Every structure is written in C-alpha cells, then in structure tokens.
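Undergrad: Structure in structure tokens, see below.
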Amino acid sequence: MSERGEKRTAVVTGGGSGIGKAIGERLAADGHQVAILDLNPDGSTFFGRKADVTDPEQVGAALDAVRAELGPVTILVNAAGLDGVSRFDKLGFEAWKRVIDVNLNGVYHCIQAALPDMVAAGWGRIVNISSSSAHSGQPYMTHYVAAKSAVNGLTKALALELGPRGITVNAVPPGFVDTPMLRKAEADGLIGGTVEDHIKRTPVRRVGLPSDIAAACSFLISEDAGYITGQILGVNGGRNT
Ligand code: NAD
C-alpha cells in the first residue's frame, strides 16, 4: 500500500523526458509500479518500452510487455506530445496530420490498449496531459491546439462513459512548464520573448516545473480523487484562469 492508496501499475507515455518523466518519478514515490512508453525511454530509470504512440501494434506490444512484467495496467497517463509551429497558410497536411496523430490519436491507441485491464479491475485512472493553449489559443500552432482541445473533449466524453465502471478520466493542461520542449521553443524564438519575460507576466511569478504537473496527476490518481472525473485541471500559475 502507498500512502495514497493501493500499489498499482502505471503506464506513463512520454515518460522519457520532461513532464512525463516527472510524473513517473512522482507515481513511483507514491508507491506505484511505473512503466514508461516513449520513442526514447532511455532517460527513465523505470521499466521502459520503446513505442510510437501513433502505432497501435507497437502500443499493444508494449502494454503486453508491461502486463507480463508488472501486472494489469490500471493507471494511464498520456503525456507523450509533439508540438509544431507554422503559419496556417504554410501548414501542409502531412505536418497537420503528424501533430494530430501524436497528440490525439496516440491518446486513443493508449487508452484502447490499457482499458481492458481497468474494466476487469473495476478501477482505473486515466489522466491526459493536454495544454493551456487549448484554453487560450496559440498563433501558429493550429494543429497542436486542435489536437489538445480534442483531448480535453475526449476526456469529458469518456469520463461519462467510464464512470459506471469505476474509471475516472481527467485532463491536466500544463501552461509554461520548464522542459526541453519549452526551452527549444524559447531558443527558436517562438514564445514571444524569453522564459524570464513570461515569468514577469505569470501571477505566481515563476515558471512551472514538471513536478507541479506531476503533483496534480498524483492527486487525480489517488483514492481521494475518486469523485473527480471529466475535469480539466489547469496547472499554470494563474496564466489561464
Ligand atoms: P518533452 O518534449 O520534454 O517530452 C515529450 C516526450 O514525448 C519525449 O520524451 C518524446 O520522446 C515523447 N514522444 C513524442 N512523440 C512520441 C511518440 N510518437 N510516441 C511516443 N513518445 C513520444 O515535452 P514536455 O514539455 O515534457 O511535454 C509533455 C506533455 O505536456 C506533452 O503532451 C506536451 O504537449 C504537454 N505540454 C507541455 C507544456 C510545456 O510548457 N512544457 C505546455 C503545454 C502542454
């Protein structure tokens, strides 16, 4: 037993870096067994499987490997993500589709693969990492914002469907979290100034940390959060209220 409930098996996609990595560390500290699915799981110290979330066969094989090693998967955090920046009139369909594929269809494939274990257990927790840009909009990121908005919608609809089976579905849309994704965007001149400039405009006056997102996931996964489902829990220092 962990402090927050029973020891379970958690899969974190995108757990090789940034926010997903911090979520894996936090869930392990909470007493869960953690497995990472990532294109590059090497950054993780946990049971890792290389898988592209856009490929249902790779996702299915990875989930089978996790089950064989750690048992049924009753916690799933979808944190794998791919951003992209382009003026809409220059945005080709292939680039549009890839961003939708990773950020939206990947969530579909991973939930489909883990769901049977949750249904069999009569208990499950799904947390989808979307984005505060789904709330605020973001110029030059139409594909990304469309995908993340759809993830929020999926979260709300699926929560209604799975509630009777003991499974909660929530989303955490991060805003401005200090990860390789954010620093690359800063270096590429894509965030309208520096991280420091943004901190001055953030109500709590600091950049978000991966551990801030991980703490919200930890709560949503805990037994204490069993009456919370279909929610979009912003963790953004007050940037989007
Ligand atoms: P990151 O780039 O550090 O980590 C993303 C991880 O996803 C990487 O390890 C990468 O290998 C993995 N990944 C990418 N495509 C994949 C695929 N097809 N299959 C499997 N794994 C894949 O980014 P991050 O900042 O930690 O982002 C984590 C999540 O948070 C993403 O969904 C991102 O969209 C979201 N997010 C981040 C911020 C932020 O400020 N950093 C803001 C809003 C939303």
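Read the figures in this text as sums done on the coordinates, not as results from a lab. Just so it is clear, the model here is predicted, and its values are computed rather than measured. Quick reminder, even Gly has a Cβ in these numbers, built from the backbone with ideal geometry, and neighbours come from all protein chains shown.
Undergrad: Starting from the amide H of T74, placed 1.01 Å from N in the peptide plane, find each other amide H under 5 Å away whose residue is 5 or more places distant or on another chain.
TA: Distant-sequence amide H within range of T74: T9.
Undergrad: Any idea what diffusion coefficient the range 17-159 gets from Stokes-Einstein, in µm²/s, Kirkwood Rh on alpha carbon pairs, 4 °C, 1.567 mPa s?
TA: D, rounded to a whole number, is 82 µm²/s.
Undergrad: Something else about it: Within the chain, how many Lys pairs that are eight or more residues apart, or on different chains, come under 28 Å at the alpha-carbon?
TA: Total qualifying Lys-Lys pairs in the chain comes to 21.
Undergrad: Per residue and in Å³, how big is the convex hull formed by the alpha-carbon atoms of the range 110-190? All intermediate terms of the calculation are to be shown ahead of the outcome.
TA: Working: hull volume 8.2 nm³, N = 81.
Taking only Cα atoms, the range 110-190 has a hull volume of 101 Å³ per residue.
Undergrad: Kindly provide the helix-only [θ] at 222 nm of the chain, computed as the sum of -39,500 (n - 2.57) over DSSP H runs of four or more divided by all residues, to the nearest 500 deg cm²/dmol?
TA: -13000 deg cm²/dmol
Undergrad: Report the net charge of residues surrounding R67, where surrounding means a beta-carbon distance below 15 angstrom and charges are Lys +1, Arg +1, Asp -1, Glu -1.
TA: Net charge in that neighbourhood comes out at -1.
Undergrad: Any idea which of I75, A65, G15 is furthest toward the positive side of the dipole for the range 1-78, if Lys and Arg beta-carbons carry +1 and Asp and Glu beta-carbons -1?
TA: Result: I75, furthest along the dipole toward the positive end.
Undergrad: Name the chymotrypsin sites (Phe, Trp or Tyr not before Pro) in the range 167-239 that are in a loop by DSSP and that have at most 15 other C-beta atoms within 10 Å, would you? Provide the component values of the computation, followed by the final result.
TA: Values: sites: F176, F219, Y227; in loops: F176, Y227.
Passing sites in the range 167-239 are Y227.
Undergrad: If you don't mind, another one. What's the long-distance tail for the chain, i.e. % of Cα pairs beyond 22 Å?
TA: When all Cα pairs of the chain are counted, 50 percent exceed 22 Å.
Undergrad: Label L190 and L209 with points 7 Å out from Cα along Cα→Cβ: what is the distance between them in nm?
TA: Rounded to a tenth, the inter-label distance reads 2.6 nm.
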